[in-house]
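Chemist: Can you keep this structure in mind? I'll have questions shortly.
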Amino acid sequence: MPKEDSTIFASYQRDPSLFDEIYDAKGQIKDVYKTLFQLYGGHSIPDYMTLNEKARSSFFNQGITFQVYHDKQMQEKIFPFDLFPRIIDSKEWEVIEKGAIQRSRALNLFLWDIYHEKKILKQGVVPLELISSSENYLHQMIGVDPPGGIYNHISGTDVIKHNDGQYYVLEDNIRCPSGVSYVICNRTALKRALFGVFNHYETHTVTNYAENLLDLLESVKPHGVDVPNTVVITPGMYNSAFYEHSYLAKTMGVELVEGRDLFVENDFVYMRTIKGPQKVDIIYRRIDDQFLDPLEFRADSSLGVPGLFSAYKKGNVTLANAPGTGVADDKAVYTYMPEIIKYYLDETPILNNVHTYHCSRPKELAYVLDHIHELVIKPVDEAGGYGISIGNRLTKEEIETVKKQIKEHPRKYVAQPIMSLSVHPTYIDETSSFEQRHVDLRTFTILGKDRDFVLKGGLTRVALKKGNLIVNSSQGGGSKDTWVLK
Amino acid sequence: MLARVANNLFWMGRYIERSEHIARYMHVNYFSSLDAPNELSRSRQFVLNSMLRMIGAPEAGENEVLDEEAVLFKLALDPEHPFSIISNVKYARENANSARDLISTDLYESINKFYHFVLKYPEQHFLKKGLYDFAINIIEMSSILRGRIRSTLLHDEVYAIIMLGVNLERANQLIRIINAKYYDALYAQGSYEAKFSKSFEWTTLLKCVESYDMMRRFYKKTPTSLTTLEFLILNPNCPRSMMNSLNQVYTHIRVLDNSFRYNKRSTAFLVGRVRAEYQYKYIEEIEGNIKQFIEAMLKNLADIGDKMENEFFHY
């Protein structure tokens, strides 16, 4: 055994009030982590710093970066990546996988219903005003049948483990969930830096995402198309997720297009190639609903394609995800997920929902206003961790401001008990040691006509600031490779 | 392939090739002047002017004295100057970025490394003692890029477009370098051992396009104006010659347009026509009228570029 004090784990401090992923209930290191703990523990601090540097340059050289302005100069930064992987054993994973599929299927049926017969609203299971007051409900989609009957082809389900050891869903992302390319890059970077550790574990691959994505997209091709031509549409190379768009196009072997590369003629979509127009059948779109088609949505959009929506309504092109899915990943709809799953599938939810108070209901509003210090307040329609207030972190004045905001627009806010995200050992540069940091997990589910797929792995996001619960990369979060064991 | 992306890839090829030629011209001329046989060729002002001429920047005025560091900075690391190596590498990467889904990960990673190498190169080190190191690295990295282009991409239209960019630019740079060195040879003539036809500048010219060793092997004689120009313009076996570049351009344009119907408006027709003109020329017909040749050839290459733009990149 190497000397305790010289190794990288020597100073790891465990706060017993937090749920640490690598310890079991008795406070022992879990079996699945034992080998890993030993392998990493054998590294001295300078050793580990070198490895960390290697991993960083791997990202840098692969050009997996985002740009920030600093002193008028553009600088490229990498997303922080932690070399110590998170392990999920096959039993735990099965629950997550089944739960994610269940939610995606239920949401798909829900979307069909609210754009067609609206049974669930008529029967009062989900209140009508939840939908009618949503900015993301697209009246243009009423009565439209998406090819293959699929709305949310790609879902990103954000899951956390609470300190009761149970998984809870925090959010369903079914507009343009991003992050899957980082799952694969994290794996690549970890292999480059520490390939030896893979000899000790049997881990599911994550590189099969693109082939499944293409396969499932092609399963919902427009009627009458034999060999579909699939493309990925991006807002362009200055978009923060451009790397992911190009990665997905490359690994699927399809064209990456911008709006200006496409045009619509007689309700068919074509792309401009060096040999003239070529018909496009399936579009994996990474631009938001409002920018898809200036004739139908925002007229000032230069990212979209005039006439695209009309081609879509005629059934001549598949859009993934379908326009209008945003109405269902709204945080207010989230709170009805148990009812939605029960209603369409007649099943009990496999993954827990966090209990949610609706500020639109007077009784619950009163509770929220009285208990702000023990709740998280979330705007229902913001993504990226913006606008979230965590009750026990607010000063008295801040509490008053939040209260005022809620009272002004109760429909805009929901509140949840403060969930304690589990923690995971994470290497921290400033102290050159491992410390506990909160993590969540974004899983990726693809729905096709008669088949579905969940990527065995996912994006474990880490809140790098001590004590911070918000893991989004826009709020200083990093990520880890995630191993699902066979 | 998308027309917009084809255009980007074409320019990626051009910018890679261009940055390499500037780097080579800079260091070869600088170092060969250090022990050149006559005074004028040894003069620093003479070399700096030659560099400016090659990239198409304004040369020094009559009584102006060029500052060595300023000129070297302008050619290599000046981000404000569109002809500098750093700008070229930036453009190459930007073009590669937008076509990232089409090119191999290996090729992209090499371009990216190339970019970061130039971006991070310390300015003072370059100006004081890094000229050789910097230039050699640029040359080596662009060779790696060409290797990755050839050995990691599918040899289809994407490859043809990139190679069209590389070869058109190579021909273009060659003509520019011949032009610059031709003037150098004219200025440097006069004294004993400095006759135009036997000028030291022809050796430098050959080295500027990495063809000196092979030229010696082919002629087994000291380079003269005639043999140098013949080798660099007309010999199809010299990989850097104009003829070789035209042959390459012809091969790759045929991948995009394999119709042999008579179509005088196509790019392939124009390429074939230009190539045919030089395929059976004597160097004596060119050497006497080098200025005319240079002008005509630069126009030919520009016309081919314009034609390609209209035929393939119009979007």
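Chemist: Among the listed residues A:Leu292, A:Leu262, A:Leu216, identify the single one that is farther than 26 Å from A:Asp450 by Cα, modelled with pLDDT of 90 or more and touching a strand residue (DSSP E or B) at 6+ places or on another chain (Cβ under 6 Å).
Modeler: Numbers: A:Leu292 fails: touching a strand residue (DSSP E or B) at 6+ places or on another chain (Cβ under 6 Å); A:Leu216 fails: farther than 26 Å from A:Asp450 by Cα.
After applying the criteria, what remains is A:Leu262.
Chemist: Let me ask something else. Among the residues of the stretch B:157-175, is there at least one that is open to solvent by 10 Å² or more (accessible area, probe 1.4 Å), under 23 Å from B:Ala36 (Cα atoms) and at pLDDT 90 or above?
Modeler: Looking through the stretch B:157-175, none of the residues is open to solvent by 10 Å² or more (accessible area, probe 1.4 Å), under 23 Å from B:Ala36 (Cα atoms) and at pLDDT 90 or above.
Listed here are the residues, each with its yes/no results for (1) assigned by TED's automatic domain parsing to the domain that holds A:Leu39; (2) within 20 Å of A:Ile446 (Cα to Cα); (3) touching a helix residue (DSSP H, G or I) at 6+ places or on another chain (Cβ under 6 Å); (4) in a loop (DSSP other than H, G, I, E, B).
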{"residue": "A:Asn212", "(1), (2), (3), (4)": "no, yes, no, no"}
{"residue": "A:Pro222", "(1), (2), (3), (4)": "no, yes, yes, yes"}
{"residue": "A:Val227", "(1), (2), (3), (4)": "no, no, no, yes"}
{"residue": "A:Met237", "(1), (2), (3), (4)": "no, no, yes, yes"}
{"residue": "A:Glu244", "(1), (2), (3), (4)": "no, yes, yes, no"}
{"residue": "A:Tyr247", "(1), (2), (3), (4)": "no, yes, yes, no"}
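Chemist: Considering only the stretch A:260-277, state which residues are within 11 Å of chain B (Cβ to nearest Cβ) and either buried (at least 22 other Cβ atoms within 10 Å of the Cβ) or not in a strand (DSSP E or B) (or both).
Modeler: Step one: filter the stretch A:260-277 for residues within 11 Å of chain B (Cβ to nearest Cβ), giving A:260-263, A:271-277.
Correct list: A:Arg260, A:Asp261, A:Leu262, A:Met271, A:Ile274, A:Lys275.
Chemist: Still on this structure, I have one more. Any idea how many residues of the stretch A:278-300 are buried (at least 19 other Cβ atoms within 10 Å of the Cβ), among the acidic types (Asp, Glu) and touching a residue at least 24 places away in the same chain (Cβ under 8 Å)?
Modeler: Residues in the stretch A:278-300 being buried (at least 19 other Cβ atoms within 10 Å of the Cβ), among the acidic types (Asp, Glu) and touching a residue at least 24 places away in the same chain (Cβ under 8 Å): 3 in total.
Chemist: Output the residues belonging to the stretch A:191-245 that are more than 21 Å from the chain's Cα centre (by Cα), more than 14 Å from every other protein chain (Cβ to nearest Cβ) and of a type in the set (S, T, N, Q).
Modeler: A:Asn199, A:Thr203, A:Ser219
Chemist: Select from the stretch B:100-111 the residues that are of a type in the set (A, V, I, L, M, F, W, C) and more than 8 Å from chain A (Cβ to nearest Cβ) and list them in ascending order.
Modeler: Residues of the stretch B:100-111 that are of a type in the set (A, V, I, L, M, F, W, C), as a first pass: B:102-103, B:107, B:111.
Scanning the stretch B:100-111 gives B:Ile103, B:Leu107, B:Ile111.
Chemist: I'd like to know if the stretch B:125-139 contains one or more residues that are within 14 Å of chain A (Cβ to nearest Cβ) and either open to solvent by less than 30 Å² (accessible area, probe 1.4 Å) or among the aliphatic types (A, V, I, L, M) (or both).
Modeler: Step one: list which residues in the stretch B:125-139 are within 14 Å of chain A (Cβ to nearest Cβ), which gives none.
No, that holds for no residue.
Chemist: Let me ask something additional. Restricting attention to the stretch A:284-319, which residues are more than 14 Å from chain B (Cβ to nearest Cβ) and closer than 27 Å to B:Asp156 by Cβ?
Modeler: Answer for the stretch A:284-319, where residues must be more than 14 Å from chain B (Cβ to nearest Cβ) and closer than 27 Å to B:Asp156 by Cβ: A:Arg285, A:Val317, A:Thr318.
Chemist: For A:Ile341, which of the numbered conditions (1) of a type in the set (Val, Ile, Thr); (2) touching a Pro at 6+ places or on another chain (Cβ under 7 Å); (3) free of Cβ contacts under 8 Å to residues at least 24 places away in the same chain fails to hold?
Modeler: The failed condition is (3).
Chemist: On to the next question. Can you tell me which of B:Lys281, B:Lys264, B:Lys291 is under 19 Å from the mean Cα position of the chain (by Cα) and among the basic types (Lys, Arg)?
Modeler: On the way: B:Lys281 fails: under 19 Å from the mean Cα position of the chain (by Cα); B:Lys264 fails: under 19 Å from the mean Cα position of the chain (by Cα).
Only one candidate passes the filter, namely B:Lys291.
Let's see how each residue does on (1) modelled with pLDDT under 95; (2) of a type in the set (Phe, Trp, Tyr); (3) in a strand (DSSP E or B):
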{"site": "A:Lys279", "(1), (2), (3)": "no, no, yes"}
{"site": "A:Arg298", "(1), (2), (3)": "yes, no, no"}
{"site": "A:Leu303", "(1), (2), (3)": "yes, no, no"}
{"site": "A:Asn316", "(1), (2), (3)": "no, no, no"}
{"site": "A:Leu319", "(1), (2), (3)": "no, no, yes"}
{"site": "A:Ala322", "(1), (2), (3)": "no, no, no"}
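Chemist: May I ask you to say which residue of A:Asp47, A:Asp82, A:Asp5, A:Asp89 is more than 19 Å from A:Thr460 (Cβ to Cβ) and modelled with pLDDT of 85 or more? Walk me through how you get there before you give the answer.
Modeler: Working: A:Asp82 fails: more than 19 Å from A:Thr460 (Cβ to Cβ); A:Asp5 fails: modelled with pLDDT of 85 or more; A:Asp89 fails: more than 19 Å from A:Thr460 (Cβ to Cβ).
Going through A:Asp47, A:Asp82, A:Asp5, A:Asp89 in turn, just one is more than 19 Å from A:Thr460 (Cβ to Cβ) and modelled with pLDDT of 85 or more: A:Asp47.
Chemist: Taking the stretch B:193-220, which residues are buried (at least 18 other Cβ atoms within 10 Å of the Cβ) and among the charged types (D, E, K, R)?
Modeler: Selection gives B:Glu201, B:Lys207.
Chemist: Mind checking which residues of the stretch A:305-314 are part of a helix (DSSP H, G or I) and not basic (Lys, Arg)?
Modeler: Residues satisfying the conditions are A:Leu308, A:Phe309, A:Ser310, A:Ala311, A:Tyr312.
Chemist: A follow-up question, please. Test of understanding: among A:Ile150, A:Ile101, A:Ile174, which residue is modelled with pLDDT of 95 or more and open to solvent by less than 10 Å² (accessible area, probe 1.4 Å)? Spell out the reasoning first.
Modeler: Details: A:Ile101 fails: open to solvent by less than 10 Å² (accessible area, probe 1.4 Å); A:Ile174 fails: modelled with pLDDT of 95 or more.
Step by step, each of A:Ile150, A:Ile101, A:Ile174 is checked, and only A:Ile150 is modelled with pLDDT of 95 or more and open to solvent by less than 10 Å² (accessible area, probe 1.4 Å).
The values are calculated or read from the model by the stated rules, or taken from the named source; none is laboratory data. Keep in mind that this is a model prediction, so the values were computed, not measured. Cβ atoms come from the backbone with ideal geometry, glycine included; neighbour counts cover every protein chain shown. Note: areas computed on protein heavy atoms with side chains; ligands, DNA, RNA excluded. Shrake-Rupley method; radii C 1.70, N 1.55, O 1.52, S 1.80 Å.
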